[in-house]
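All remarks here apply to the structure that follows.
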2 protein chains.
Amino acid sequence: MTDLTPAGAAALDAVDPLAGFREAFVHDDADPDLIYLDGNSLGRLPMASVALAEDVLRRQWGQRLIRSWNDGWFEVPRLIGDRIAELVGAKPGELVLADATSVVLYKAAVAALKVRPGRTRILTDDLNFPSDVQVLRAAAQAAGPDHEVVILESDGLHGPVDGLSEALGADRGADVALVSLSHVAYGPGWCWDLATTTRAAHEAGALMLWDLCHSVGVVPTDLGAADVDLAVGCTYKYLNGGPGSPAFLYVNADRTDLQNPVRGWYGSDDPMGFGFDAGPAAGASRFLTGTPPILSTVLVEPGVDLILEAGIDRLRAKSVALTERFVALVDLHLAPLGFGVQSPRDPARRGSHVSLRHDAAQAVSQALVNEARVITDSRPPDLIRFGFAPLYIGFADVDEAVRRTAEVVESGGIDRWRGVQPVVP
Amino acid sequence: MTDLTPAGAAALDAVDPLAGFREAFVHDDADPDLIYLDGNSLGRLPMASVALAEDVLRRQWGQRLIRSWNDGWFEVPRLIGDRIAELVGAKPGELVLADATSVVLYKAAVAALKVRPGRTRILTDDLNFPSDVQVLRAAAQAAGPDHEVVILESDGLHGPVDGLSEALGADRGADVALVSLSHVAYGPGWCWDLATTTRAAHEAGALMLWDLCHSVGVVPTDLGAADVDLAVGCTYKYLNGGPGSPAFLYVNADRTDLQNPVRGWYGSDDPMGFGFDAGPAAGASRFLTGTPPILSTVLVEPGVDLILEAGIDRLRAKSVALTERFVALVDLHLAPLGFGVQSPRDPARRGSHVSLRHDAAQAVSQALVNEARVITDSRPPDLIRFGFAPLYIGFADVDEAVRRTAEVVESGGIDRWRGVQPVVP
């Protein structure tokens with residue numbers, strides 16, 4: 001039996017092999033009680049990033065100036081890409097940092113549609129990011145008036161596994177060019193079976209494009225073993241790369257037919273030749289376009305290093321233990337207060353955040369943030385998301401977050417926060 | 001008569017109203033002799049950016065964490081955009097920071113082609129950035145197989161003014177959808193007459209899309225008065241925004257027909273509604289796509305503030321005086337050593353850098369950088385660029401750069417640098 005008392009949490013923290021990583025991040029000494037459960041939206045600041053930023057700013061930009069492009073800046077999108085590649089089962093050269101996630105998703109989707117000229121449908125689901133759906137529609141529009149995005153309907157909790165099978169079935173799948181899904185859904189935290197789903201897309205003759213934003217750094221992923229065609233993801237959630245840090249794009253090395261629709265100098269095979277007719281660079285680099293934002297790009301590395309050092313399997317094991325404990329405590333203490341777990345009960349089908357349903361979700365989240373020192377966020381219409389980044393969240397944090405959530409409801413503290421709008425990417 | 005002796009330079013520096021701005025930038029105390037003439041490629045680090053970066057990193061990200069999106073991050077691309085708008089004659093809401101220059105150029109070009117469905121030609125010239133030409137070709141390809149980019153031929157020094165007139169003439173102009181040019185050419189520094197050229201494009205029924213990378217912050221520009229349709233530019237050259245800092249995109253408020261082809265959540269009218277069917281945001285914001293790289297974006301402001309404080313007319317006057325002096329000194333001291341001025345002689349048709357032609361241009365530039373402490377860069381096949389950012393370059397710097405250039409050639413110091421490849425965006 002799991003010990004759901006604070007003593008039980010303390011016992012788990014005492015033997016947590018990753019406990020020491022908490023100290024690798026900056027904390028606010030003036031606010032020691034803060035529990036940060038929004039690492040699924042913006043990861044914490046690694047200590048190493050502070051020193052690195054100082055060096056990039058004062059020495060690399062301030063003193064070395066333009067010479068820093070020669071000193072190493074030019075290769076940064078590829079070098080950090082290769083580090084993230086290690087994490088997601090990609091080969092060197094298959095993954096680069098570039099642009100915002102929505103921009104690389106556009107490039108990837110347009111490229112995929114181009115190599116399936118006879119097929120007009122893109123499949124996604126209603127658990128996907130609205131931005132992804134908007135981008136997929138833009139890609140469909142770019143491909144031609146006959147193209148369309150089909151949004152498969154879920155139950156709001158689990159991905160539409162059967163609906164996808166059906167849509168890829170013998171009679172209907174022949175028209176599908178691309179399947180694009182979020183590996184872990186930003187709302188309920190549903191986690192698709194990446195290998196099985198990719199295989200189903202391929203069996204229908206479609207390409208598979210994954211959005212790894214909510215899974216990279218916390219759910220083990222082997223893009224190579226699953227033969228995924230394309231994947232994108234952001235680096236500012238569990239990878240702790242900083243606000244709006246660049247996205248990554250993975251392009252399977254075997255898919256040499258895929259071409260960047262937004263070609264620019266940074267993705268050419270002769271970026272310093274200044275010719276008009278340079279060809280595409282090799283590997284995923286051919287999908288680069290313009291000059292990368294160096295400060296925001298360079299700072300991706302310390303967070304990725306920490307994830308690699310901790311090890312994705314240990315991170316996943318702790319993540320599952322944290323979310324399992326949270327679900328059990330919610331059932332015990334918060335269900336009587338009107339909260340319901342709106343994430344899959346099966347940890348194998350769940351990412352590292354758990355969503356709770358509540359009639360006053362937004363007010364609860366705002367009260368937690370502003371009064372109870374528990375940073376969570378809310379998503380329409382009625383979800384509060386609790387994100388458990390295993391690098392810096394402990395078991396005692398889980399217990400304490402549940403206790404404070406009960407408190408803000410029982411004390412009536414949520415009432416003054418009704419109608420206050422959050423803004424959270 | 002201009003006094004071309006060092007005493008003449010000192011006299012000009014003594015009365016320079018902008019001289020004090022040099023101290024607003026970080027300099028390397030360990031390398032006091034460095035003369036930085038590559039501000040046209042990467043501007044210097046403003047002192048204010050150091051303190052700002054510290055705050056963004058440690059407090060805004062490190063302590064405020066996700067709450068900083070509410071505290072102000074969300075509006076940064078628009079707020080800084082409005083500051084740059086002041087500089088280029090745009091109205092509030094017409095200009096936003098986003099993406100890399102090549103990416104926003106793609107969005108702008110695709111949007112323009114969409115509103116000229118019957119026309120199949122994009123005009124540009126061979127002085128434009130190779131990346132721009134590649135992007136325009138990508139936009140043409142996206143528009144359909146009948147679309148093409150016509151690259152007008154220059155003499156390598158002056159923009160093809162007559163060639164453009166001819167291509168826009170009554171018999172041929174009816175097929176032109178878009179004219180896209182660099183306001184100031186990265187190579188020779190040729191500066192197009194923005195208003196006249198825009199008018200010519202409009203008279204032919206085409207849209208006008210300017211790349212202001214090499215002119216913003218140093219050449220007065222009134223996009224509104226010229227009724228320019230679209231413009232892009234980078235913020236890391238004369239605006240001193242930092243390496244690879246985001247581009248800006250200007251969309252004329254009257255051109256409500258132009259739509260972002262790469263739609264994503266950040267450009268929607270309901271970014272926090274999490275719906276699939278949100279419409280486009282108002283103004284240039286509708287061309288935003290994904291989450292911006294906050295560190296690289298926020299740091300654009302201090303440099304823009306300095307430019308606005310100095311005043312674009314004073315900056316232009318000093319820039320012209322600096323380049324005029326440089327040209328005169330080159331004629332006097334460097335012409336006998338095999339250098340030729342490869343920039344327009346008319347300062348009205350020249351930006352703030354001057355290019356010199358030399359048989360061993362790349363080796364000269366490398367020797368200047370590595371031995372003579374004069375940072376310049378080279379561009380194929382035989383150009384050395386000397387950039388004079390009027391905010392932090394003085395008249396004595398001009399004289400000294402010429403003296404050291406003569407020295408590296410006369411001493412034979414360039415020989416060991418033949419064949420060394422530079423990498424400079």
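Any read-out appearing in this document is the output of simple, stated calculations on the displayed coordinates, not a laboratory observation. Keep in mind that what you see is a predicted model, and the values were worked out from it rather than measured. For neighbour counting, all protein chains shown are included, and Cβ atoms are generated from backbone atoms with ideal geometry for every residue, glycine included.
The label point for B:Asp33 and the one for A:Glu410, both projected 7 Å from the Cα toward the Cβ, are 7.5 nm apart. Cross-link check: pairs A:Lys237/B:Lys114; A:Lys107/A:Lys318; A:Lys91/A:Lys318; B:Lys107/B:Lys318 evaluated at a Cα-Cα cut-off of 31 Å; pairs beyond the cut-off: A:Lys237/B:Lys114; A:Lys107/A:Lys318; B:Lys107/B:Lys318. Compared with the dominant Cα axis of chain A, that is its longest principal axis, helix A:361-370 is turned about 80°. Using a ≥ b ≥ c from the Cα gyration tensor of chain A (square roots of the eigenvalues), is it rounded, prolate or oblate, where a/c under 1.5 gives rounded and otherwise the larger of a/b and b/c decides, a/b for prolate? In terms of gyration-tensor shape, oblate.
Sorting B:Ser411, A:Ser268 from the fewest to the most surrounding beta carbons within 10 angstrom yields B:Ser411, A:Ser268. Cβ crowding within 10 Å, taken as a proxy for footprinting-reagent exposure, orders A:Thr289, A:Thr5 from fewest neighbours to most as A:Thr5, A:Thr289. Within the listed set A:Thr120, A:Thr196, A:Thr376, the Gaussian network model of chain A (springs between alpha-carbon atoms below 10 Å) gives the highest mean-square fluctuation for A:Thr196.
Could you work out how far the C-alpha centroid of region A:165-187 sits from that of region A:307-326, in angstrom? That distance is 29 Å. Could you check the spin-label model distance between A:Asp269 and B:Ala335? Points 7 Å from the Cα along Cα→Cβ, value in nm. Here the modelled spin labels are 4.4 nm apart. Note that region B:148-163 has calculated 3J(HN,Hα) couplings of 8, 9, 9, 9, 6, 8, 9, 8, x, 9, 10, x, x, 5, 5, x Hz, one per residue in order, obtained from phi through the Karplus relation 6.51 cos²θ - 1.76 cosθ + 1.60 (θ = phi - 60°); glycine and proline are x. About its Cα centre, region B:336-421 has a charge dipole of approximately 280 debye under the convention of +1 per Lys or Arg Cβ and -1 per Asp or Glu Cβ, with nothing else charged. Region A:263-279 and region A:1-64 have Cα centres lying 41 Å from one another. Taking label positions 7 Å along the Cα-Cβ direction at both A:Ala7 and B:Ala11, the computed distance is 9.1 nm, reported to one decimal.
Going by the alpha-carbon gyration tensor, a ≥ b ≥ c the square roots of its eigenvalues, is region A:1-156 rounded (a/c under 1.5) or, if a/c is not under 1.5, prolate (a/b greater than b/c) versus oblate?
Oblate.
With a Förster radius of 51 Å applied to the C-beta separation of B:Ala328 and A:Asp257, the computed FRET efficiency comes to 0.35. Dipole orientation for chain B: of the candidates B:Gly43, B:Val135, B:Ser215, B:Val135 has the Cα lying most toward the positive pole (charges on Cβ; Lys, Arg +1; Asp, Glu -1).
Amide H contacts under 5 Å for A:Val232: A:Trp210, A:Asp211, A:Leu212, A:Tyr250, restricted to partners 5 or more places along the chain or on a different chain, H placed in the peptide plane at 1.01 Å from N. With an a/c value of 1.5 or above and a/b not larger than b/c for the gyration tensor axes a ≥ b ≥ c computed over the alpha-carbon atoms, region A:169-275 is described as oblate.
The alpha-carbon atoms of region A:72-308 define a convex hull whose volume equals 109 cubic angstrom per residue. Ranked by how many other Cβ atoms sit within 10 Å of their own Cβ, fewest first, the residues A:Leu152, A:Leu315, B:Leu337, B:Leu42 fall in the order B:Leu337, A:Leu152, A:Leu315, B:Leu42.
A simple rule links phi to the HN-Hα coupling: the Karplus curve 6.51 cos²θ - 1.76 cosθ + 1.60 with θ = phi - 60°, which for region A:309-316 gives 5, 5, x, 5, 6, 5, 4, 5 Hz, with x for Gly and Pro. Just to verify a number: FRET efficiency for B:Arg418 and B:Asp346, C-beta to C-beta distance, R0 = 25 Å, to 0.05? Taking R0 as 25 Å, the efficiency between B:Arg418 and B:Asp346 is 0.15. For region A:92-144 versus region B:335-396, the spacing of their alpha-carbon centroids is 43 Å. Summarising the overall dimensions of the protein assembly as shown from its C-alpha atoms, the Rg and Dmax are 27.7, 95 angstrom. Report the paramagnetic label zone for B:Arg59: residues of region A:13-38 whose backbone N is under 17 Å from a point 7 Å from Cα along the Cα-to-Cβ axis. Output list for this probe position: A:27-31.
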